[in-house]
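Everything on this sheet refers to the single structure shown next.
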Amino acid sequence: MTCRILVVLFFAALGACSPRIVQPGAPGTASRTIARKEAVDLSRVQFTPADVKFIQGMIHHHAQALDMTALIPSRTSLARMRVLGQRIEISQSDEINMMRRWLETRGQEVPDIHEHHMPGAQLMPGMLAPEEMDRLAAAKGAEFDRLWLQSMIKHHDGALIMVDDLFSVPGAGQESEIFAFASDVVADQKAEMDRMAAMLEELQNESPH
């Protein structure tokens, strides 16, 4: 009898000492402590139509960013612009591959990454209209650098809007991979926006008065 009581007390102590499970909040919201059962339930959350729409739209959004980075080598003389473009190209290409796999493994339609070039194609928030892309492609030197940075800041801000729209839909953005990706988008895009804003200021200071 004494042994049985000790065993019960032992496992009760283990439960009391088990680490807390902290669920990160959506971008802009606080984290919270959750019970083990709720954590297990969350790990089984299924994706929603809003998740699929978000991923499909973000593929188009990222694809245009690749179009924009492709313009850099022949239009800038600044090494820091080339480095920034290469960094964005690598990260956006990797994320496109991840998003394509996410859709494929769930049996969802994978959009053509060139679809945003088609006449009448729907533009995601922050994406450049065809005439804006034409103006960017026609620019050279310091004018190109300034316009490109302004355009990419706008483009990145559009990605943040897309994440906000996702989390505004009840039940959306809770599947573990979607939640992690959307949170990474917010952190990465904000960091790059800060860097590009600083580069714009540097260009302004370097320009002749």
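Summing +1 for each Lys or Arg and -1 for each Asp or Glu among the other residues whose beta-carbon sits under 10 angstrom from that of residue 51 gives 0. Here the Karplus relation 6.51 cos²θ - 1.76 cosθ + 1.60, evaluated at θ = phi - 60°, turns the backbone of the range 50-58 into coupling constants of 5, 5, 4, 4, 4, 5, 4, x, 5 Hz, with x for every Gly and Pro. Modelled spin-label separation between residue 74 and residue 105, with each label point placed 7 Å from Cα along the Cα-to-Cβ direction: 3.8 nm.
The residue 206 and residue 121 beta-carbon pair, evaluated with R₀ = 41 Å, returns a calculated FRET efficiency of approximately 0.65. Approximating the spin labels as points 7 Å out from Cα along Cα→Cβ, the residue 93-to-residue 188 distance works out to 1.3 nm.
What does the charge count around residue 121 come to, taking other residues whose C-beta lies under 12 Å from its C-beta (Lys +1, Arg +1, Asp -1, Glu -1)? Could you put the intermediate results ahead of the total?
Values: positive: none; negative: 112, 115.
Around residue 121, the surrounding residues sum to -2.
Shown is the FRET efficiency for residue 140 and residue 113, computed with R0 = 30 Å from the Cβ-Cβ distance and rounded to the nearest 0.05: 0.65.
A dipole drawn for the range 60-209 from +1 and -1 charges on Cβ atoms has a positive end, and of 191, 153, 86 the residue lying farthest that way is 86. Phi angles across the range 161-177 convert, under the Karplus curve 6.51 cos²θ - 1.76 cosθ + 1.60 with θ = phi - 60°, into 3J(HN,Hα) values of 4, 4, 5, 4, 4, 4, 6, 7, 8, x, x, 7, x, 9, 4, 4, 5 Hz, Gly and Pro given as x. What separates the Cα centres of the range 156-209 and the range 99-154 is a distance of 15 Å.
No value in this document is a laboratory result; all are computed from the given coordinates. From a predicted model like this one, the values you see are computed outputs, not experimental measurements. All Cβ positions, glycine included, derive from the backbone under ideal geometry; neighbour counts span all protein chains shown.
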